[in-house]
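Following: one structure in structure tokens, then a few remarks.
The values are calculated or read from the model by the stated rules, or taken from the named source; none is laboratory data. This structure is a prediction, so every number in the text was calculated from the model and none was measured. Neighbour counts are summed over all protein chains in view; Cβ atoms, including those assigned to glycine, are modelled from backbone coordinates with ideal geometry. The area values use the complete protein model at the heavy-atom level, side chains included, leaving out ligands, DNA and RNA. Shrake-Rupley method; radii C 1.70, N 1.55, O 1.52, S 1.80 Å.
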Amino acid sequence: MSADGYEIASADGRADWDAEADVVIVGCGVAGLCAAIEARSAGADVLVLERASGGGGITLSAAGHVYLGGGTRVQKAVGVEDTVEDMEAYLLAVTPDPDPEKIRLYCDQSTAHFDWLVAQGVPFNDSMYPGKHVLQPTDECLIWSGNEEVWPYRDRAKPAPRGHKVAQVGEQGGAKLIACLTKRAEELGVRIVCDAAVQALIRDGEGRIAGVRYRSFDEMRHVRAGRGVVLATGHFTGNAEMLARHCPLLADERVYKQTTPHDDGAGIQLGLLAGGVALHMDGALVTCPYYPPESLIKGVLVNRNGERYVAEDSYHSRASILTAAQPGGVAYLVVDDAIFGRPEFGGYDVIDAWEDFVAMERDLGLPGGALQETMRRYNANAAKGEDPDFHKGAKWLRALETPPFAALDASLGKNPFVGFTLGGLRVSIDGEVLGEDGGSISGLYAAGACASNIAQDGTGYSSGTCIGESSFFGRRAGRHAAGRFSAA
Ligand SMILES: Cc1cc2nc3c(=O)[nH]c(=O)nc-3n(C[C@H](O)[C@H](O)[C@H](O)COP(=O)(O)OP(=O)(O)OC[C@H]3O[C@@H](n4cnc5c(N)ncnc54)[C@H](O)[C@@H]3O)c2cc1C
């Protein structure tokens, strides 16, 4: 039994099942719904068990970006050129320990996956948000949502914007996605039962996962799964003990955890008890964006030694995580009057403004001469359109020469750094939960945030990857589970 009470129970000749389905799916977020739709479409009788009183999970809070490319309908409509090969090369380059087979398949079938989402009723507009933003405030679809234009990735693959937001003004694209997928699942005859917290996997005499036990208020119920159980229980962001053990970046009390009351890592705990292994458990998306306004990207980030540490045009999570890694988590965003603005997502208080970098350096208590030298070198190179130190893109390079010069406090602990986990169970390309030896655990699948597929860490993360892989590999898990017939 795990610390949170999850366990593997024995079927032990059980005849009194309370319910039965071919495929039982645990969790009703984007991964669970996509698995359910595909399993049902493959002819299986599907039961989704959801612990909350309504489905949607953390997906309801998502902006609704889906990372897709290789020439989707939207990319073509707005004149963006992209290829499967460039998308694949990019994902291989930004992922610390890439699974080439999964990435190849994901890219190869990306346009087809876009079309599938559309066929389920998920709307995307044929439009693109032109600026550099974290979340387009409009219902425009396409946005740059990663490090595609950032060095060294821009040299590894031709950059293309691939963040496709569900057609929705501002936030709540994730809620719209859930509404569309739920409607589709219900039309197909998927049964969704809420207030059903799965607490145990049930293993039969042959070692196969044959069902689950769940609690609904005061009652315990047992459900037989004729073909398979798909774990789709989401992140472990809400489990302080698991964070402390696996993910120090997110366990840091200065980082706000983006979680629902149900993100305790149930699926990961159950999968581990069944003999699975977990991967990339230290990975987290942690961010505190300083843009928009995008003029601030032309600023310079320095640590308490007065040294730069990142190309400031990096995607916001990459820059934020590298900020958090600086000594003491202390950092400043240095700007001049020409580019000054207030970060729209809050934080980054203006410490003060000065007429020169000598006074700024002194008042910030930075080592003598350090900031002056950093700015002298940065400005001299920027004036030539170069950044030999961090290779910031030419369009963001501009010498900071217009006083007054301000320092915005970029430090961890002074700003709203937020995050969620990225690690999960090791799974096959079809979502089968894999053990240490690489063999699959019969009857058990995992998808979405409780599985590890593409996203592994926040410095290489591109927004839309979580929902992209949750939906794509969720579909595959559902389809594969539907094809497994019980030996009984
Ligand atoms: C603020 C925010 C914005 C985001 N925006 C984006 C974005 O735009 N694009 C993107 O790609 N990613 C985004 N993400 C990440 C993304 O939303 C998630 O990774 C993804 O939605 C996870 O989907 P899921 O189906 O795996 O989990 P969830 O949507 O969390 O679904 C899991 C479900 O399982 C249920 N559950 C848990 N335990 C049990 C149990 N024991 N029994 C029964 N049910 C259980 C939960 O209640 C939940 O409903 C964002 C995350 C946050 C926090």
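Ranking G70, G163, P130 by how far each Cα lies toward the positive end of the dipole of the stretch 65-165 (charges on Cβ) leaves P130 at the top.
Helix-only estimate, please: 222 nm mean residue ellipticity of the chain, summing -39500 (n - 2.57) across DSSP H runs of length 4 or more and dividing by its residues, to the nearest 500.
-8000 deg cm²/dmol
Placing +1 on the Cβ of every Lys and Arg and -1 on the Cβ of every Asp and Glu, with nothing else charged, gives the chain a dipole about its Cα centre of roughly 660 debye.
Carbon-plus-sulfur accessible fraction, the chain (probe radius 1.4 Å, protein heavy atoms only): 48%.
You can think of it this way: the chain between D108 and E85 has 7.4 nm of extra reach, that is 0.36 nm per residue less the Cα-Cα gap.
Show me the ranking of peptides 394-404, 38-48 by mean Cβ neighbours inside 10 Å, starting with the highest. Intermediate values should be presented prior to the final figure.
Details: 394-404: 15.9, 38-48: 22.5.
Those peptides, ordered most packed to least, come out 38-48, 394-404.
Based on the Stokes-Einstein relation at 25 °C and a viscosity of 0.890 mPa s, and on the Kirkwood radius from alpha carbon pairs, the stretch 65-165 is assigned a translational diffusion coefficient of 179 µm²/s.
Overall shape of the stretch 79-235 was characterised from the C-alpha gyration tensor. The equivalent ellipsoid obtained from it has semi-axes of 37, 22, 14 Å, in decreasing order.
With the gyration tensor restricted to C-alpha atoms of the chain, the semi-axes of the equivalent ellipsoid amount to 44, 23, 18 Å, longest first. Cross-link partners of K395 among lysines, defined as those whose alpha carbon lies under 28 angstrom from its own and excluding same-chain residues fewer than eight positions apart: K76, K132, K158, K165, K298, K384.
Heavy atoms of the protein chains alone define the surface here; on that basis the chain has 37 Å² accessible area per residue at 1.4 Å probe size. The coefficient of translational diffusion for the stretch 288-348, derived via Stokes-Einstein from the alpha carbon Kirkwood radius under 10 °C and 1.306 mPa s, stands at 137 µm²/s.
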